[in-house]
Amino acid sequence: MTQGGRLTSHLKTRRDAEKRLAEYKVAVEALEKLAMLGDLAGLQVDRLRRTLAKDAAAWRDRIYLGAFPDTAHELVDTGMGRKGQIDLVVRSGGVSAPAQHVTNASALRASLVGFFLAFWEHVLNERGGLHTLLLDDPQELLDDENRERLAASLGQLVKAGAQLIVASYDPRFAGRVSRVTGVGGVEHFEVLPATLQQPVVRTVPPLPAIIERRKQFEADRSAEKPARDFADECRVFLESKLGDMFDDPAHSAWAKENPNPTLAGFLARLRSIVKRSPQGMFSAHVFRRFVEHQALVDNSPVLELMNKAHHGRRREIRASDVATCVDALTELVELVEQMNEEAYRWRRRDALPNQSDIDTPPTLRPITNGSMPSILIYPDLAAFTDHSPTGGSQDVAEPVDPKVLDGKAAFMLRRNNFGFAGQVQSRSLRRYQAQQQTDGW
């Protein structure tokens, strides 16, 4: 019985070994085929590289042209490293070199944008992808001529299937984009940031859009819809621009008394300022030209038309009403645009009275961290879990480190320098470093 038990145990061990050897044989045959996948992946990447190199060069040529022959490098390769990095190679005079070593910032930017557009178009055509693209200041680092080329190339991007949202601080570039032919449906807005007086982000039709509305009305002066659209655009433009000009702490008391001012309210306020021999910004001649314009006298056809557009009486507007005011409205929107530019220039050069020069900025004082209550954070964004272990849950609350405010300095925002990041009178935190005690901020 003992020998039989030993024989049974050895036999089981042998059968397990035989099974493992059979599985090894299957694995060897599979690994021979799997080893070919590496070569196949390399071929696919190489094919994609050649495709993207050609298309990226085509997109780059659409948006960039070197000012001089010596700087007009040709994009010849878009290699990819093992870690996914992009290796852009340019050629000039038969010699190739990495783009980051021989090209200027404008050419390198154009090469990167060209590669991105080529890759986006390839993915969209091969297996579908995102149609909406948000381009934030794509004209950066490009000169005036190449900005014109970039604006024109956006029409080709739309034809390739893109739905574009373009944001730019450059009004000339935005105007060029709005005039791109062959795309249709371009909406051009000027974005005004949220402020203390007007705590919402506002979109205003720019002056070129107003001129375009007038052209549509001039094409058929008997049609009521183009006439009403032109009157509406003028009203929104005038009130928004004047509101932005009066959105200043100096007019805070007036703003509280007039929480929803109309064109008549702005006009009355501006007349009172101009009448008393103003100093500073309002002393510019363009403000007097605006308030003394014949179209803004009491009970004028222009004011009556603007009242209809503002007070929900849009259907009462007739094409004949707009026809009698079209020239005057065009002059007024141009004057308001000049006034807004004058206000912008003045605010940039304006300084506080009796302000003494400071050679060295004051040192930052870190926050004294007192007792901090227990606060739990439930991370629900990928940014919070970037370094979390695999399989971790985002539902687990994490306590706030009580030292999170150590080494920070607090600021109060008194200007709109942060754009949309914060309103006036809001607070901001900044990291405090010990070496800054002698160097200032």
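The values are calculated or read from the model by the stated rules, or taken from the named source; none is laboratory data. Quantities reported herein were computed from a predicted structural model and do not represent experimental measurements. Positions of Cβ are backbone-derived with ideal geometry, glycine not excepted, and every protein chain shown enters the neighbour counts. Accessible surface areas use protein heavy atoms only, side chains included; no ligands, DNA or RNA. Shrake-Rupley method; radii C 1.70, N 1.55, O 1.52, S 1.80 Å.
If you go through the stretch 146-196 and keep only what is of a type in the set (Asp, Glu) and either open to solvent by less than 10 Å² (accessible area, probe 1.4 Å) or part of a helix (DSSP H, G or I) (or both), you end up with just Glu148. Restricting attention to the stretch 199-231, the residues that are open to solvent by less than 30 Å² (accessible area, probe 1.4 Å) and in contact with a His (Cβ under 9 Å, 6 or more places away or on another chain) add up to 3. Candidates are the residues of the stretch 125-145 that are part of a loop (DSSP other than H, G, I, E, B) and within 21 Å of Leu52 (Cα to Cα); the one that is most open to solvent (accessible area, probe 1.4 Å) is Leu130. Only one entry in Pro206, Pro199 is modelled with pLDDT under 90, of a type outside the set (D, E, K, R) and in contact with a strand residue (DSSP E or B) (Cβ under 6 Å, 6 or more places away or on another chain), namely Pro206.
Here Asp298 fulfils each of the conditions (1) of a type outside the set (Lys, Arg); (2) modelled with pLDDT of 90 or more; (3) outside any helix (DSSP H, G or I) apart from (2). If you go through the stretch 115-135 and pick out every residue that is over 15 Å from Arg47 (Cβ atoms), in contact (Cβ under 8 Å) with a residue 40 or more places away in the chain and of a type in the set (A, V, I, L, M), you end up with 1. Highlighted here are the helices (runs of 4 or more DSSP H) found entirely within the stretch 224-295 that include at least 2 residues which are under 17 Å from Met339 (Cα atoms): 224-245, 263-275, 285-291.
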